[in-house]
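Asks: Could you have a look at this structure, given as structure tokens, before my questions?
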Amino acid sequence: MISYFAVPKLSSRVWKVWLRNRDVFMKTYKVNFLPPFLEPLLYLFALGFGLGRYIDVIEGISYVKFIAPALIAISIMNSAFFECTFGSYVRMYYQKTFDAIIATPLSIEEVITGELLWGATRSLIYATIMLPVLAAFGLIDLPLSLLIIPFSFIAGFLFATIGMCFTAITPNINSLNYPTFLFITPMFLFSGTFFPLSLLPEPIQYFALATLPLTHLVMITRALTLATLSGFLVLSFAWIVLVSLVLFVLAVNLMKRRLIV
Amino acid sequence: MVVCIVSVIVAEDLTKQFGELVAVDSVSFAVEEGEVFGFLGPNGAGKTTTMKMIQCVSPKTAGKLTVFGMEVSTHQREIKKLLGVAPQENNLDPDFTVHENLMVYSRYFDIPRAKAERMVAELLDFIQLSHKKDTVIEQLSGGMKRRLILARALINSPRMLILDEPTIGLDPQARHLIWDKIKSLQSQGITIVLTTHYLEEAAQLCNRLVIMDYGKILVQGKPDEVIREYIGTDIVEAENDPEVIACLERNTTSYDVIGNRVQVYTNNPQEMIYSLLKECELGQITARSATLEDVFLKLTGRKLRE
């Protein structure tokens with residue numbers, strides 16, 4: 001019986017898995033770099049400059065400025081989550097890439113960790129591409145917003161581990177749609193992204209803070225793009241780090257249970 | 001001269017259970033350095049499971065298993081470094097070309113880039129795929145994929161190769177090419193462990209083999225010795241006719257009825273034919289050499305396996 005919280009034994013070989021994924025990403029970089037570039041523009045025009053015209057100020061700022069950091073947070077969430085759900089599942093089940101790698105000196109723990117690190121890296125790449133786009137519209141504070149770059153890796157890692165836990169327990173690829181529309185989509189809408197969390201009834205606010213990771217991401221990215229830092233952010237950051245560590249260990253063990261039989 | 005035979009794999013009472021199912025049931029065998037050792041058996045006999053335990057990707061349930069003198073449950077990394085594995089399923093990386101597949105794989109073994117480039121060029125030459133260097137995997141034929149998998153298994157200059165069904169689904173040309181490669185690798189001193197359904201392949205390639213069924217080893221030995229022990233050198237076949245049967249019964253000859261034929265196992269076909277012709281009323285009679293397939297079917301039966 002494999003324990004769910006056994007600390008994985010790792011070596012620097014995890015980066016070989018990361019490198020493999022990076023090489024694939026770079027082979028199709030034109031397709032890969034387009035979405036993070038286009039997506040914020042679409043949202044900014046539709047919601048910010050379109051719908052936002054009917055909103056004078058929201059919490060003392062323009063609506064576009066309000067949603068700009070949320071768009072970054074959503075992109076961090078989506079890129080890591082989808083990489084480590086559908087992306088990892090295809091590599092694990094259809095391409096048998098993990099089987100091929102564990103026939104070499106790498107262990108399954110290292111393969112999964114490499115996948116998670118790559119998921120986090122994708123978040124970092126996407127967030128980094130979005131920053132100049134948003135800066136061009138004068139929507140984010142500089143240089144403080146540059147802290148989003150390292151933060152996107154840490155926050156991306158959290159969503160990579162969440163995705164990997166689902167990948168480890170999903171019976172097939174179609175079932176991965178359940179966490180997508182039952183967890184990711186509500187989070188996309190109710191995490192203080194397009195309207196302030198404070199509009200929700202108080203118990204729901206606490207529920208969101210406790211269980212919806214995106215709320216913490218949005219609070220931190222918003223504080224950075226608007227340069228409104230507060231002590232409360234330390235708690236959000238601690239929440240992200242703590243939950244990622246627990247889910248990291250869980251994801252690796254769940255995957256081990258699934259693949260090592 | 002002292003010939004020192006070194007066992008590179010030693011299994012004693014090796015067992016693997018998946019829940020209630022006993023996939024490998026207390027098997028013992030030893031593979032010696034430099035030989036080609038075959039695992040034969042119907043589907044579900046436990047061959048692939050045994051391979052997976054040897055390559056340290058599936059933990060054993062019980063028993064002892066050492067590879068190069070190292071215990072599989074504690075020295076996985078060290079063992080895997082010395083192994084080349086060609087799995088049954090094609091798991092080449094579809095995101096990469098032929099050349100990239102080998103280069104990316106070489107990284108997993110910490111092979112420096114320059115050395116890897118040299119190795120890859122050599123290996124592509126060896127498997128005759130140099131001209132397909134920049135082709136993506138999905139455009140390769142089945143035979144090319146199997147050859148590339150073999151090349152990938154050789155990237156770390158392994159001391160032992162594990163080939164799970166190396167020629168499955170290949171046409172005769174491609175199969176013979178793989179056989180040639182396997183023989184050439186053996187002549188370089190590499191120990192080769194393979195599983196196969198093709199008994200002719202096993203007879204051609206293997207120095208020693210085991211036949212497995214329902215997780216157990218039924219026979220173990222050199223192909224011709226196994227044939228002689230279980231069948232004899234030759235088989236005399238006659239039509240399945242009540243009179244023929246009655247005659248064989250009278251002569252207390254050992255025989256098997258297979259469909260519309262009767263097979264008589266013998267070490268002396270001429271004498272057997274002579275005596276059968278003399279004593280029995282035989283319509284058609286043929287004699288042929290016994291093969292591994294005869295042993296296989298005798299031991300594992302003719303019932304279809306799912």
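Values in this text are rule-based calculations from the coordinates and carry no lab data. Remember, predicted model here, so these are calculated numbers, not experimental data. Heads up, the Cβs are rebuilt from the backbone with ideal geometry, glycines too, and the neighbour counts pull from every protein chain shown.
Asks: Taking the stretch B:12-116, which GluC sites (Glu not before Pro) meet the DSSP loop condition and have no more than 10 other C-beta atoms within 10 Å?
Replies: Details: sites: B:12, B:20, B:32, B:33, B:35, B:71, B:78, B:89, B:100; in loops: B:20, B:33, B:35, B:89.
Sparse-neighbourhood loop GluC sites (Glu not before Pro): B:20.
Asks: Using the C-alpha atoms of the stretch A:14-259, what convex hull volume per residue, in cubic angstrom, is computed?
Replies: Dividing the Cα hull volume of the stretch A:14-259 by its residues yields 127 Å³.
Asks: If you don't mind, another one. Taking the Cβ-Cβ separation of residue B:291 and residue B:121 as r and a Förster radius of 60 Å, what is the calculated FRET efficiency to the nearest 0.05?
Replies: On the way: r = 40 Å, r/R0 = 0.67.
With R0 = 60 Å, the Cβ-Cβ based efficiency is 0.90.
Asks: Take the alpha carbon atoms of the stretch B:1-55, find their center, do the same for the stretch B:230-255, and report the distance between the two centers in whole angstrom.
Replies: That distance is 36 Å.
Asks: Grab the other residues whose beta carbon is less than 15 angstrom from that of residue A:159, score K and R as +1, D and E as -1, and report the net. Walk me through the numbers before you get to the answer.
Replies: Working: positive: A:122; negative: A:83, A:115.
Charge balance near residue A:159 sits at -1.
Asks: For the stretch B:158-219, count the residues as N, evaluate 2.2 N^0.38 Å, and divide the Cα radius of gyration by that value, please. Before the final figure, lay out each step's value.
Replies: On the way: Rg = 12.1 Å, N = 62, 2.2 N^0.38 = 10.6 Å.
Cα Rg divided by the expected 2.2 N^0.38 Å: 1.14.
Asks: While we're looking at this one, here's another question. Relative to the first principal axis of the alpha-carbon coordinates of chain B, what is the inclination of helix B:172-187, with its axis defined by its Cα atoms, in degrees from 0 to 90 and to the nearest 10?
Replies: Approximately 70 degrees, to the nearest 10.
Asks: Can you compute 3J(HN,Hα) from phi for each residue in the stretch B:129-141, using the Karplus curve 6.51 cos²θ - 1.76 cosθ + 1.60 with θ = phi - 60°, rounded to whole Hz and x for Gly and Pro?
Replies: 10, 4, 6, 9, 2, 9, 8, 7, 4, 5, 8, 8, 6
Asks: Using alpha carbons only, how many degrees (0 to 90, rounded to 10) separate the axis of helix A:213-225 from the longest principal axis of chain A?
Replies: With rounding to tens, the tilt is 50 degrees.
Asks: Also, quick follow-up: Looking only at other chains, what is the average number of their beta-carbon atoms within 10 angstrom of each beta-carbon in B:77-90? Numbers along the way, then the final one.
Replies: On the way: counts 6, 1, 1, 6, 2, 1, 3, 2, 5, 1, 4, 0, 3, 3.
Average neighbour count from other chains, rounded to a whole number: 3.
Asks: Please give the residues of the stretch B:250-265, grouped as numeric ranges, whose backbone N is less than 12 Å from a label point set 7 Å along the Cα-to-Cβ vector of residue B:237.
Replies: Label zone hits: B:258-264.
Asks: Rounded to the nearest 500, what is the protein assembly as shown's calculated 222 nm mean residue ellipticity when only DSSP H runs of at least 4 contribute -39500 (n - 2.57) each, over all residues?
Replies: About -15500 deg cm²/dmol.
Asks: Give me the inter-chain shielding for B:45-52: mean count of other chain Cβ atoms within 10 Å, whole number please. Walk me through the intermediate numbers first.
Replies: Working: counts 0, 0, 0, 0, 1, 0, 0, 4.
Mean inter-chain Cβ contacts per residue within 10 Å come to 1.
Asks: For the pairs A:256/B:133; A:16/B:16; B:52/B:145; B:47/B:132; A:9/B:115, note any where the Cα-Cα span goes beyond 24 Å. Each step should come with its number before you reach the end.
Replies: Details: A:256/B:133 34 Å; A:16/B:16 31 Å; B:52/B:145 21 Å; B:47/B:132 33 Å; A:9/B:115 29 Å.
Listed pairs above 24 Å: A:256/B:133; A:16/B:16; B:47/B:132; A:9/B:115.
Asks: Listed highest first by mean packing, meaning other Cβ atoms within 10 Å per residue, what order do A:231-242, B:148-159, A:249-260 come in? Walk me through the numbers before you get to the answer.
Replies: On the way: A:231-242: 13.7, B:148-159: 21.7, A:249-260: 20.0.
Output ranking for A:231-242, B:148-159, A:249-260: B:148-159, A:249-260, A:231-242.
Asks: Let me ask another. Kindly write out, for the stretch B:284-289 in residue order, the coupling ³J(HN,Hα) from the Karplus curve 6.51 cos²θ - 1.76 cosθ + 1.60 (θ = phi - 60°), rounded to whole Hz, with x marking Gly and Pro.
Replies: Once rounded to whole Hz, the list reads 9, 9, 9, 10, 8, 5.
Asks: Bin width 20 Å, alpha-carbon pairs only: give the P(r) of chain B as whole percents, running from 0 to the bin holding the largest distance.
Replies: Here the calculated profile for chain B is 29, 49, 19, 2.
Asks: Shielding by partners for A:107-115, please: the mean number of other protein chain Cβ atoms within 10 Å of each residue's Cβ.
Replies: Values: counts 5, 1, 0, 1, 1, 0, 0, 0, 0.
Average neighbour count from other chains, rounded to a whole number: 1.
Asks: Please list 3J(HN,Hα) in residue order for the stretch B:42-53, calculated via the Karplus relation 6.51 cos²θ - 1.76 cosθ + 1.60 where θ = phi - 60°; whole Hz, with x for glycine and proline.
Replies: Each residue's phi maps through the Karplus curve to give x, 4, x, 6, x, 5, 5, 4, 4, 4, 5, 6 Hz.
Asks: How large is the Kirkwood hydrodynamic radius of the protein assembly as shown, in angstrom, based on all distinct alpha carbon pairs? Kindly include the intermediate steps, with their values, before the conclusion.
Replies: Values: mean 1/r = 0.0362 Å⁻¹.
That comes to 27.6 Å for the protein assembly as shown.
Asks: Which loop trypsin sites (Lys or Arg not before Pro) in the stretch B:78-151, with loop taken from DSSP, have no more than 14 other Cβ atoms within 10 angstrom of their Cβ? Could you put the intermediate results ahead of the total?
Replies: On the way: sites: B:80, B:81, B:107, B:113, B:115, B:118, B:132, B:133, B:145, B:146, B:147; in loops: B:133.
Sites meeting the loop and neighbour criteria: B:133.
Asks: Cα axis of helix A:232-259 to longest principal axis of chain A: angle in degrees, 0 to 90, nearest 10?
Replies: 30 degrees
Asks: Pairs of alpha-carbon atoms within less than 8 angstrom and 6+ residues apart define the contacts here; what relative contact order does chain B have, in percent? Provide the component values of the computation, followed by the final result.
Replies: Numbers: 555 pairs, mean separation 62.7, N = 306.
Value for chain B: 21 percent.
Asks: With each label point set 7 Å from Cα along the Cα-Cβ vector, what nm distance links residue A:55 and residue A:206?
Replies: Computed distance between label sites residue A:55 and residue A:206 equals 2.7 nm.
Asks: I would also like to ask the following. Net charge near residue A:35, counting Lys/Arg +1 and Asp/Glu -1 over other residues with Cβ under 14 Å of its Cβ? The partial results should precede the final answer.
Replies: Numbers: positive: A:30, A:122; negative: A:39, A:83.
Overall, the nearby charge balance is 0.
Asks: While we're looking at this one, here's another question. Tell me the net charge near residue B:283. Cut-off is 11 Å between Cβ atoms, residue B:283 excluded, with +1 for each Lys or Arg and -1 for each Asp or Glu. Intermediate results must be reported in sequence, preceding the final value.
Replies: Working: positive: none; negative: B:239, B:241, B:243, B:281.
Around residue B:283, the surrounding residues sum to -4.
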